[in-house]
Amino acid sequence: MGEAGETVRYYPMKVGGVELTYPNVNAGAGKYAAAMVVGNLVFLSGMTAQSEADGSCLAGTIEEQVTACLEKVRLHLEEVGSSLENVVKTLIILKDIEYYPRMRATELAYYQKYAPRLVKEPPASTVFQAASLARPEFLVEWDVVAVLSR
């Protein structure tokens, strides 16, 4: 139970059908949930362009990786009973800050198609350039807080 009797629901991250928990992955590998729901809040782990089918990188360009990240965000939010339009905070980690304008243009196009509310009422957002991401081929990572219901 969470604070004030709220339930905490766990949604595992899987790659190739295997939950990313020990002992399914070795002690030095990433172990994390895809999502945690606490009351009306939804916390997603950072979404990258990693395929959940086989762990490969799904895309090469920043535009393709942003789309892959947002697609995973959208699908995981739907899995927990929410939607992309319920995003209230994003933390976007870029490998190179020079990707910023292309990332934002791709994000806007995605929101126009799948979450028009976020075009007029964008979420709180922080963007920064990291020294590195989880794998060298990853260009961007999307970390999200949403609500189940507005």
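Read-outs: derived from the displayed coordinates by stated rules, not from any lab. If you're wondering where the values come from, they're calculated on a predicted model, not measured in any experiment. Every residue, glycine among them, receives a Cβ derived from its backbone with ideal geometry; neighbour counts consider all protein chains shown.
Observations on the model:
- Under Karplus coefficients 6.51, -1.76 and 1.60, residue-wise ³J(HN,Hα) of the stretch 73-81 in Hz, glycine/proline x: 4, 4, 5, 5, 5, 5, 4, 8, x
- The 3J(HN,Hα) values that the Karplus relation (6.51, -1.76, 1.60; θ = phi - 60°) gives for the stretch 95-111 are, in residue order, 6, 9, 4, 5, 6, 3, x, 5, 4, 5, 5, 5, 4, 4, 4, 5, 5 Hz. Gly and Pro appear as x.
- Each of K89, K95 has some number of other Cβ atoms within 10 Å of its Cβ, and from fewest to most they run K89, K95.
- Panel order for C69, C57, by other beta carbons found within 10 Å of each beta carbon, from fewest to most: C57, C69.
- The equivalent ellipsoid of the stretch 39-150 has semi-axes of 21, 16, 13 Å, largest first, where each one is the square root of 5 times an eigenvalue of the Cα gyration tensor.
- In this calculation the C-beta distance from S132 to R104 is compared with R0 = 22 Å, giving a FRET efficiency of 0.50.
- When Y99, Y114, Y10 are sorted by how many other C-beta atoms sit within 10 angstrom of their C-beta, beginning with the fewest, the order is Y10, Y114, Y99.
- Computed extension gain for Q112 through I97, at 0.36 nm per residue and net of the alpha carbon distance, reaches 3.1 nm.
- Residues whose amide H falls under 5 Å from that of V88, counting only those 5 or more places apart or on a different chain, are V145, A146, V147, with hydrogens built in the peptide plane.
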